[in-house]
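K.L.:
This is the structure I have questions about; it appears just below.
The values are calculated or read from the model by the stated rules, or taken from the named source; none is laboratory data. Since the structure is predicted, the reported quantities are computational estimates derived from the model, not experimental observations. Here the Cβ positions follow ideal geometry from the backbone for every residue, glycine too, while neighbour counts run over all protein chains shown. Accessible surface areas use protein heavy atoms only, side chains included; no ligands, DNA or RNA. Shrake-Rupley method; radii C 1.70, N 1.55, O 1.52, S 1.80 Å.
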Amino acid sequence: EVQLVESGGGLVQPGGSLRLSCAGSGFTFSIYWMHWVRQAPGKGLVWVSLIHPDGSGTDYADSVKGRFTISRDNAKNTLYLQMNSLRAEDTAVYYCARGLRATSGFGDYWGQGTLVTVSS
Amino acid sequence: QSALTQPPSASGSPGQSVTISCTGASSDIGRYNYVSWYQQHPGKAPKLMIYDATKRPSGVPDRFSGSKSGNTASLTVSGLQAEDEADYYCSAFGGGNNWLFGGGTKLTVL
């Protein structure tokens, strides 16, 4: 059974840092693109970042570029999102999502989400 | 403001059909067929319902169908059932490894 399990969320002060993790199981993690998507409380989904299967390529939404870093450890089947210089507007549930095979797109599997709250 | 435009709400009675639109631009929906639709129930993770504009993942009922014309994609839910009541989001490839979402549509089954 394919599973994605996020962890690392919590309360952090503005300007602080947090690292999210997403552990994959039940599939060959190293051959899939992976994405992060977030959802502010009561709001819609927003794409955040993606990473190539071997980690050689990454991209980010303009709103997080220069502050967030996506990475992966295929030996540990784990995806990461390092979040620095956090702002109140980064408060959201963060989901990891698997990319689709044989086409672009993502989201055939999602994690349960981890809540990040940026507040003093 | 979302890059893709969806109506905030839609509704229909059980058994009826409802169509939700998603309007983008010639640089995203108009250029690529990489349009997906997701269903999200309150407090749950999104679920992929349609990808590549018209394809259904295994396990998704054939009551759900997708289409695309020009800069607009659409999701049609036929034979509405109570469990279809949820938020629906479209997503599209915006070029340059960038992905866009619509603002979401709340579907109410009357």
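K.L.:
Just checking the output field for A:96-109: average partner chain Cβ neighbours within 10 Å of each residue's Cβ?
P.N.:
5
K.L.:
Hey, quick one: spin label on A:Asn84, modelled 7 Å out along Cα-Cβ, who in the range A:46-75 has an amide N within reach, i.e. under 20 Å?
P.N.:
Residues passing the 20 Å test: A:48-51, A:56-73.
K.L.:
For a paramagnetic label modelled at 7 Å from the Cα of B:Ser11 toward its Cβ, which residues of the range B:96-110 fall within the zone defined by backbone nitrogen distances under 16 Å?
P.N.:
It comes to B:105-110, nothing else.
K.L.:
Can you run the Rg to Rh ratio on chain A? Use alpha carbon positions and the Kirkwood inverse-distance Rh.
P.N.:
With Rg and the Kirkwood Rh in hand, the quotient comes to 0.95.
K.L.:
Between chains A and B, what is the buried accessible area in Å², counting both sides, with a 1.4 Å probe and ligands, DNA and RNA left out, to the nearest 100?
P.N.:
Looking at A and B, the buried total is near 1600 Å².
K.L.:
Let me know the whole percent of all Cα-Cα pairs from the range B:36-110 that are separated by more than 20 Å.
P.N.:
28 percent
K.L.:
I'd like the per residue volume of the convex hull spanned by the Cα atoms of the protein assembly as shown, given in cubic angstrom. Display every interim value, and only then the final one.
P.N.:
Numbers: hull volume 26.6 nm³, N = 230.
Cα convex hull per residue, to the nearest whole number: 116 Å³.
K.L.:
Rounded to the nearest 0.05, what FRET efficiency do A:Ala102 and B:Thr19 give with R0 = 22 Å and r taken as the Cβ-Cβ distance? Could you check?
P.N.:
About 0.20, to the nearest 0.05.
K.L.:
Around B:Ser78, with a cut-off of 11 angstrom between Cβ atoms, what is the net charge of the other residues, counting Lys and Arg +1 and Asp and Glu -1? Before the final figure, lay out the partial values.
P.N.:
On the way: positive: B:Arg63; negative: B:Asp62, B:Asp84.
It works out to a net charge of -1.
K.L.:
Toward the positive end of the charge dipole of chain A, about the Cα centre and with charges on Cβ (Lys, Arg +1; Asp, Glu -1), which of A:Ile51, A:Pro14, A:Tyr80 goes farthest?
P.N.:
Of A:Ile51, A:Pro14, A:Tyr80, it is A:Pro14.
K.L.:
Rounded to the nearest whole Å², what accessible area per residue is found for chain A with the 1.4 Å probe?
P.N.:
44 Å²
K.L.:
Name the residues of the range A:1-24 whose amide N is less than 20 Å from a point 7 angstrom out from the Cα of B:Ser58 along the C-beta direction?
P.N.:
Hits in the range A:1-24 for B:Ser58 at 20 Å: A:1-4.
K.L.:
Using all C-alpha to C-alpha distances in the range A:1-55, build P(r) with 5 Å bins and read off the rounded percent in each one.
P.N.:
Calculated P(r), rounded to whole percents: 4, 14, 19, 26, 20, 11, 6, 1.
K.L.:
Could you check the simple spin-label distance between A:Leu11 and B:Ser67, using points 7 Å along Cα→Cβ, in nm with one decimal?
P.N.:
Result: 5.1 nm between the two label points.
K.L.:
At a 1.4 Å probe, which residues in the range B:23-55 are at least 20 Å² less accessible with all protein chains present than in their chain isolated?
P.N.:
Buried by the other chains: B:Tyr34, B:Tyr38, B:Gln40, B:Ala45, B:Pro46, B:Leu48, B:Tyr51, B:Asp52.
K.L.:
Kindly identify residues of the range B:64-109 having a loss of at least 20 Å² in accessible area between the isolated chain and the assembly of all protein chains, probe radius 1.4 Å.
P.N.:
B:Tyr89, B:Asn97, B:Asn98, B:Trp99, B:Phe101
K.L.:
Rounded to the nearest Å, what's the spacing between the alpha carbon centres of the range B:37-72 and the range A:19-34? Just the number, please.
P.N.:
Taking the Cα centre of each part, the range B:37-72 and the range A:19-34 sit 23 Å apart.
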